[in-house]
Amino acid sequence: MERQYDLVIIGAGPAGMSAALYGSRAGLKTVMIESGAPGGKLLKTHKIANYPGTGEVNGADLAAKMLEQATAFGAAYEYGEVTDISKDRTVTLADGTVIQAKAIIVATGTREKMMGIPGEAQNVGHGVSFCAVCDGAFFRGKDVAVIGSGNTALEETEFLTQFADHIYIVTQEKEVTADEGLQGVLHDEKVKLILHHRPKEVLSADHKVAGLVIEDTETGDLHTLDVKGIFPYEGQNPMSSALVNLGILDTNGFVRVNEQRMTSVPGIYAAGDIVAKDLRQIATAVSDGAVAAQDASKKIRQKRL
């Protein structure tokens, strides 16, 4: 049985929840569909210090407040996995549910990149983790490696200092790329920075991580770090598989949008980390969601969608 909504939002991270708030406040019949827990990457972030008006806030706490506000004006929240979005604004879910929308806002975000080295895949969940907030406590008293030196890598390193004995930050760069305000963690006695090195192989024993082989990018020399946990933070892949047939993706799989966050397909918008842009932050995601929902509301009222 087909269901109908004015606005269908796919994803319940900051962008999706902002869109739900603005869409429902504008009087649109709105549903927000999420295949995981509401909050997106907020749930994996221990401390947020750059979202205006909150000071330092725990990511999960901020997610809960956003969800409460996003649904306060009648927006529905549903669990579901979207498998296809068509140009006529039909949304198909994995369980066969079909939803027809006047406007769609895709806010599915990104997934962490794998390192793509031997031993990695079989050790995901057995020492290889993409969420220090989720798994950091399992490495109390052990040595771990963080791959990458961007903002997320250093934020997660700071969290891991609560548990791990030593934390090796491994990066191919010749200098740290994170914001200067985050680099204080590099002075922690538990933290060792290893520049111009890349991961080559995850070693395992008894079905769990037993070490990490790294390569010097300048000399080719190999070294082994005796670590029990590995946390890769080397970039993101867009979660855009449901959009591949719409002709709205760039060569990296991110969604191309205009100033109103609409794609080249009328009535289909994108917001948040899935958008092709330079800065991916909570503040920009919330802005995207608000802009997209406001434009959709206007066009629906004017019967242009």
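Counting only residues that are part of a loop (DSSP other than H, G, I, E, B) and modelled with pLDDT of 95 or more, segment 102-114 holds 3 of them. Note on segment 163-222: residues that are of a type in the set (Ser, Thr, Tyr), under 24 Å from the mean Cα position of the chain (by Cα) and part of a loop (DSSP other than H, G, I, E, B) total 2. Residues that are modelled with pLDDT of 95 or more and part of a loop (DSSP other than H, G, I, E, B) do occur in segment 289-302. Is it the case that residue 159 is over 20 Å from residue 114 (Cβ atoms), assigned to a loop (DSSP other than H, G, I, E, B) and aromatic (Phe, Trp, Tyr)? No. Taking the criterion of being part of a loop (DSSP other than H, G, I, E, B) and under 23 Å from residue 46 (Cβ atoms), the residues of segment 115-145 that qualify are 115, 125, 126, 127, 129, 130, 131, 140, 141, 142. Regarding residue 263, is this residue of a type in the set (Ser, Thr, Tyr) and within 30 Å of residue 128 (Cα to Cα)? No.
Within segment 146-156, the residues that satisfy the criterion of being in a helix (DSSP H, G or I) and in contact with a Leu (Cβ under 8 Å, 6 or more places away or on another chain) are 151, 154, 155.
The values are calculated or read from the model by the stated rules, or taken from the named source; none is laboratory data. All of these numbers come straight from a predicted model, not from anything done at the bench. Don't worry about glycine lacking a Cβ; one is built from the backbone with ideal geometry, like all the others, and counts go over all protein chains shown.
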